[in-house]
Amino acid sequence: MNKDHFLEVRGLKKYFDADRPSLFSREARYVHAVDGVDFTLRHSEVIALVGESGCGKSTLALLLMGLEEPTEGVISFDGRDITHLNDRERKAVRRKIQMVFQDPYESLNPTQTIEEIINEPLVVHGIGNNKNERDERVIKAMEDSGLKPAEVYLKRFPHELSGGQRQRVVIAAALVLEPEILLADEPVSMLDVSIRAEIINLLAELRITRQIAVIFITHDLGSVGFFADRVAVMYLGRIVEIGTMLEVLEKPQHPYTKALLSVIPVPNPRLRHERIILQGETPNPIDVPTGCRFHPRCPVAMATCKASDPPFVSFGKTHQAACLLLVK
Amino acid sequence: METTAQAPEIQNQWVSRLQGFWRTFSRNRIGLVGLAMLIVIILMAIFAPVIAPYDSSSSASVKIDDVYNPPSSTHWFGTDDAGQDVFSNFIFGSRVSLTVGFFAAFISIIIGGLLGLVAGFFGGRMENFLMRFTDIMLVIPDLPLMVVIVALTKPSLLNIIFVIGLLGWTTTARVVRSQTLAVKSRKFVLRARAVGAGRGHIISRHILPLVMPILVVQAVLVVSLAILNESALSFLGLGDPTALSWGQMLNYAFGRGAMSIGAWWALLFPGFGIVWVVLGLTLLGQGLEQVLNPRLETHHLMAGRPVVRGEAREDAEKPTGKNPLLEVRNLSINYVNEGKPPARAVENISFTLKEGELIGLVGESGCGKTTLMLSLLRLLPSAGQIVNGRVFFNGKDLTALSEEEINAVRWKDISIVFQGAMNALNPVRTVGDQIQEAIIKHLPGFPHDQRLQERVVELLDLVGIAADHKDHYPHQYSGGMRQRAMIAMALACNPQVIIADEPTTALDVMIQAQILELLDSLRKKLGLAIIFVTHDLGVVAEMCDRVLVMYGGVTAEYADVDAIYNEPRHPYTQELIKAFPDLTKPKKKLSSIPGYPPRLDALPAGCRFAPRCPLAFDRCHTEQPPLHELSNSQSAAHIASCHLLEASK
């Protein structure tokens, strides 16, 4: 097995119908949510997917989970093509790839107890021969997620827990299946700052204790710092820069990455600095700009940016960015 | 094997859930009255042969003297046209009415529930077909159709049950479908799919438990409707002649001269029976809805008595000589809750705001920062009361103003930019319209002509929205533009102070940077003073002059921004800064603060941060620390509340 290509994504695209051809408009229009994404994930690696809302990062997560069918492209896992699967095959893959959702208030069924919630995946997959065996796994998952002692929480309902505790329940319900990849879609953006560090530290620990690979999706480059191995920056359905954490944070190449980094608040008033504030917002993904899709907001755009789509330029083995300014 | 192992466990959970349900329901008076009314009738129907003094079917020995006798000691409800005892018929009639009601409703609920569930869950063509079919059924008038069908078929009890049942499912289908749709789109259903659950599992474990409460309420209402329908059919003479129901009693009495003789008892008692049952069911349904529908509950802070002024307030004081723009002094706010001790949401908060100054109010959710801000303009919900302290604005004590006087301050002097711009804007009116309304409402003297339009455009321009977006609706705006529109609205009357309550929390970093830049430029351009409420330490470091850190309703630390970040004295401030990711030190592990902020109804006895504090000692758990002044400088006061700072005072 190729260790470097545990999960491999090639040319992945997802278009949603915006307008179907009808009496009034002849042309079908599409939302280009994900528009050609390539990356690989290694064993127990943490990769951060960073981008603003509308950049397609959440759609990408749903595609990887098989909750949406890709329009084009290939996803392979452990050397096997998992792009299109039937229900039974999909279920088997889901045991290996689990997801943590953004909103811990909405992603738990209010009528289930914590025990039922964490036990549910075991029931669904028919894991464990008897109740004792399942109970053991549930308690192990809870303790690994920091819900200690587990007995205190088993019979409680989600509304009796705080936001941070609920997010731990969501993580425990994913861990109970002993997945190999954990997809975390903005897992801390709804939580208070003092709790965020806890959840991020927990995810960082899991990759060490359980060798789980993590895909960490966020709009906040600031929060990926210490635990991501690599960072991929997305803009309008594509990755525009990818590299190791230090490469991207310390030597960003793409103007978009530079701007994103410059606006991250630094918790020290002595380090107030010039910020590159991009004007406007991410264009809607129905009418994608021609050429480089970032050019309308790019502070250093040239005339040629409008016309040609920039290729990836490599900086060393691991660092790539797609910008015409970088082409020599 | 799986099921046998789990069966007793699941049963136990259901028992405990039912017990929990009964605990809430038994406190609901309307529901209990309805239930009692229904139980009386059901008992009567079950024990009919025991209670009824006469056998209803024995009409063999009827004499002319027995017909339409008024109520007497032998016939409590009088006799009817056949000389039978109305009381006995009334009792036996309940059996027929209830049987038809319950069985017909059972059929309706099964059909309606299934159709609604299938249409809502599977969607697409199936839904389209089922719901159009439901719509057609809904527009056909029920009663005439029932009359036709029953008249065409044999009017037996079974036929009547089927006809009522088969025609009465439409509202149930619609209610169940909309609830299914609502539940299906919730995130926990997506999570169940991600876990690998199939359709059957999702329906039985996630959809049904949340549809069930609504179905129960609906069932109760359908039963009462079925009883009414049965009565109507019988009254029209289409009932089963062998089973005497209340409707049929009415039919016989009405058709056989009870009105002309004046035998009111033959009409009154069966009519009363129908009203009793339907009323009982309606009350029960209403009670169940109140218990089962969580949306009808009020927030614990909203319930409560109207504002009562605190008794233990200090005597009126004058503002300090320096005369800052806004001075909050020793402000305390309680939420009163009947039967419970008041929740001390905010305690002894003081700060000042100078012209053009930007102060950051930092704290986690539930620390009382929004309560504090709302109290400045006296916009607290009715349970919230200011129990101590003063708020001086330009030397005026805002806490002592009448409602009319404070209204003159709101928006014109101090305005608020609320969190969640989408919810604060009216979705059916254009943004320009809403800004215009804000101007007219707060400045009644403003000329209603071209100048009003110009002012709206000017305000939009101030916040960076092009004039042609004036006539757009909020949904056509992006999140960042909506927040800009909210700021424009807050600026409508040229206020001196703007309170920005988490204005960037739901926004992306880039949009957040845009909004922060806008607020900062407005402050310089218009000389605004801004109170920036946030939980984001980074934002505060970027733009604030002074910072007030709140924890559990009290001041943790209050100082200049540089002191807060470079010489924090309170352990909470120190820990909070360590927990915040710093890109300038990417490899550094984030330290987290163990535990969670205190709940307002369970505040610790001593220092409110003590349970999470790494430096806490015995005294911290028993005694609330006072505010220690750490700097003598007038311009840069540094205050922190921690026992460890006592020596450095």
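The values are calculated or read from the model by the stated rules, or taken from the named source; none is laboratory data. Remember, predicted model here, so these are calculated numbers, not experimental data. Backbone-built Cβ (ideal geometry, glycine too); neighbour counts: all protein chains shown.
Checking each residue in region B:559-570 for being surrounded by 24 or more Cβ atoms within 10 Å (Cβ to Cβ) and closer than 17 Å to residue B:646 by Cβ picks out only B:570. Among the residues in region B:265-279, are any at pLDDT below 90 and more than 19 Å from residue B:233 (Cα to Cα)? Checked region B:265-279: at least one residue is at pLDDT below 90 and more than 19 Å from residue B:233 (Cα to Cα). For region B:514-526, the condition holds for no residue, the condition being that it is touching a Pro at 6+ places or on another chain (Cβ under 6 Å), of a type outside the set (A, V, I, L, M, F, W, C) and either buried (at least 23 other Cβ atoms within 10 Å of the Cβ) or assigned to a helix (DSSP H, G or I) (or both). Quick check: anything in region B:216-225 assigned to a helix (DSSP H, G or I), buried (at least 22 other Cβ atoms within 10 Å of the Cβ), at the interface with another protein chain (Cβ under 10 Å from one of its Cβ atoms) and of a type in the set (A, V, I, L, M, F, W, C)? Within region B:216-225 (the criterion being assigned to a helix (DSSP H, G or I), buried (at least 22 other Cβ atoms within 10 Å of the Cβ), at the interface with another protein chain (Cβ under 10 Å from one of its Cβ atoms) and of a type in the set (A, V, I, L, M, F, W, C)), the answer is no, since none of the residues qualifies.
Could you check, for region A:10-32, whether at least one of its residues is aliphatic (A, V, I, L, M), within 18 Å of the chain's Cα centre (by Cα) and within 14 Å of chain B (Cβ to nearest Cβ)? It would help to see each step written out before you state the result.
Going through region A:10-32, the residues aliphatic (A, V, I, L, M) turn out to be A:12, A:18, A:23, A:28, A:31.
Pick out the ones that are also within 18 Å of the chain's Cα centre (by Cα) and you get A:12.
If we keep only those that are within 14 Å of chain B (Cβ to nearest Cβ) as well, we get none.
Among the residues of region A:10-32, not one is aliphatic (A, V, I, L, M), within 18 Å of the chain's Cα centre (by Cα) and within 14 Å of chain B (Cβ to nearest Cβ), which makes the answer no.
Within region A:81-110, restricting attention to residues that are of a type in the set (Val, Ile, Thr) and within 20 Å of residue A:176 (Cα to Cα), the residue that is surrounded by the fewest Cβ atoms within 10 Å (Cβ to Cβ) is A:93.
Quick check on residue A:208: is it away from chain B (no Cβ under 11 Å) and either more than 18 Å from residue A:96 (Cα to Cα) or modelled with pLDDT of 90 or more (or both)? Working first, answer last.
Working: away from chain B (no Cβ under 11 Å): yes; either more than 18 Å from residue A:96 (Cα to Cα) or modelled with pLDDT of 90 or more (or both): no.
Here the answer is no, as residue A:208 does not meet what is asked.
When each of A:279, A:253 is tested for being more than 14 Å from every other protein chain (Cβ to nearest Cβ) and either in contact with a Phe, Trp or Tyr (Cβ under 6 Å, 6 or more places away or on another chain) or not aliphatic (A, V, I, L, M) (or both), the lone residue that passes is A:253.
When A:44, A:53, A:58 are screened for being touching a residue at least 12 places away in the same chain (Cβ under 8 Å), assigned to a helix (DSSP H, G or I), within 21 Å of residue A:200 (Cα to Cα) and in the same structural domain as residue A:321 (by TED's automatic domain parsing), only A:58 passes. Only residues that are crowded, with 24+ Cβ neighbours inside 10 Å, closer than 21 Å to residue A:52 by Cα and more than 10 Å from every other protein chain (Cβ to nearest Cβ) were counted in region A:170-187, giving 2. Which one of the conditions (1) surrounded by fewer than 22 Cβ atoms within 10 Å (Cβ to Cβ); (2) farther than 23 Å from residue A:269 by Cβ; (3) within 12 Å of chain A (Cβ to nearest Cβ); (4) free of Cβ contacts under 8 Å to residues at least 60 places away in the same chain does residue B:605 fail to meet, given that it meets all the rest? Just one mismatch for residue B:605, condition (3). Would you confirm whether or not region A:243-258 contains a residue that is part of a strand (DSSP E or B), assigned by TED's automatic domain parsing to the domain that holds residue A:33 and under 16 Å from residue A:323 (Cβ atoms)? Yes, the conditions are met somewhere in region A:243-258. Of the residues making up region A:174-200, those that are part of a helix (DSSP H, G or I) and without any contact (Cβ under 8 Å) to a residue 60 or more places away in the chain number 8. Do the conditions hold for residue B:163, that is, is it out of contact with any Gly (no Cβ under 7 Å at 6 or more places or on another chain), within 14 Å of another protein chain (Cβ to nearest Cβ) and surrounded by 22 or more Cβ atoms within 10 Å (Cβ to Cβ)? Spelling it out, it is not the case that residue B:163 is out of contact with any Gly (no Cβ under 7 Å at 6 or more places or on another chain), within 14 Å of another protein chain (Cβ to nearest Cβ) and surrounded by 22 or more Cβ atoms within 10 Å (Cβ to Cβ). Note on region B:561-602: residues that are outside any helix (DSSP H, G or I), within 26 Å of residue B:629 (Cβ to Cβ) and at the interface with chain A (Cβ under 8 Å from one of its Cβ atoms) amount to 2.
In this structure, does residue B:534 turn out to be among the hydroxyl-bearing types (Ser, Thr, Tyr), away from every other protein chain (no Cβ under 11 Å) and touching a strand residue (DSSP E or B) at 6+ places or on another chain (Cβ under 9 Å)?
Values: among the hydroxyl-bearing types (Ser, Thr, Tyr): yes; away from every other protein chain (no Cβ under 11 Å): no; touching a strand residue (DSSP E or B) at 6+ places or on another chain (Cβ under 9 Å): yes.
So residue B:534 fails the test.
For residue B:499, the requirement of being facing another protein chain (nearest Cβ under 10 Å) and buried (at least 24 other Cβ atoms within 10 Å of the Cβ) is not met. In this structure, is residue A:164 closer than 20 Å to residue A:104 by Cα, within 11 Å of chain B (Cβ to nearest Cβ), at pLDDT below 90 and not in a helix (DSSP H, G or I)? Taking the combined requirement at face value, the residue does not satisfy it.
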